[in-house]
Amino acid sequence: MSFRNACVDFFYAKPYHCLLIRPFFEFRTRFRRPVSPAGMKHNRYSIRLKSDLEALAGIKRFVSRVAALHGLPGTVRDDITLAVYEGCANVIEHAYADSPKRDIEVELEILQSEAIIFIYDSGRTFRPPDKSPDVWELIDRGADGGLGLWMIHNLMDEVNFYNRDGLNVLEMKKVYKPKPV
């Protein structure tokens, strides 16, 4: 099996066409949007990776390339990429801390004026804190972590945590002005 066949696979098991990257190796092929048999272009993509910190580089490339493919402005693309990176890092570090190499699925839907991102995991349930951390206190004391959630909330326009069908879901939305055509 070639590297391309092992890493990139068009996956049609869901009601939409999406791109599934297996397992988390570099995305070396030229990225193309999946096209349905009718020729209709899609705006929904998915990637599944193992809960390994080394996989985060692949998720950054995937999110950035999908956003670029749809012509999202650079700042929006960077915000989404960083928020997804932080969300996946939190899953790896906290939800799957005691059981590495489990699956994380990231789903992106790019609409006319907003991007919707879902991060699914089956780790420990997360309950967000009632209040935001004091960022300056964390920085002053040189804390190693604690800024990820704060960053996600500040980069994205809407952030929700919930449980669906036994999976933890982080849903994020970013609203942007579409480029004029």
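Residue selection: residue 97 fails the criterion of being of a type in the set (Gly, Ala, Ser) and either touching a Lys or Arg at 6+ places or on another chain (Cβ under 7 Å) or crowded, with 19+ Cβ neighbours inside 10 Å (or both). Restricting attention to the stretch 159-166, does a residue exist that is touching a residue at least 40 places away in the same chain (Cβ under 8 Å), out of contact with any Phe, Trp or Tyr (no Cβ under 7 Å at 6 or more places or on another chain) and in a loop (DSSP other than H, G, I, E, B)? Looking for residues that are touching a residue at least 40 places away in the same chain (Cβ under 8 Å), out of contact with any Phe, Trp or Tyr (no Cβ under 7 Å at 6 or more places or on another chain) and in a loop (DSSP other than H, G, I, E, B), one finds at least one in the stretch 159-166, hence yes. Between 138, 82, 170, the distinction of being in a helix (DSSP H, G or I), modelled with pLDDT of 95 or more and either surrounded by fewer than 19 Cβ atoms within 10 Å (Cβ to Cβ) or touching a strand residue (DSSP E or B) at 6+ places or on another chain (Cβ under 7 Å) (or both) belongs to 82 only. Scanning the stretch 62-118 for residues that are among the small types (Gly, Ala, Ser) and either touching a residue at least 60 places away in the same chain (Cβ under 8 Å) or at positive phi (or both) yields 71, 83, 87, 95, 113, 115. The single residue among 119, 152 that is at pLDDT 90 or above, surrounded by 16 or more Cβ atoms within 10 Å (Cβ to Cβ) and part of a helix (DSSP H, G or I) turns out to be 152.
The values are calculated or read from the model by the stated rules, or taken from the named source; none is laboratory data. This is a predicted model, so every value here is computed, not measured. No Cβ is skipped: glycine too gets one built from the backbone with ideal geometry, and neighbour counts run over all protein chains shown.
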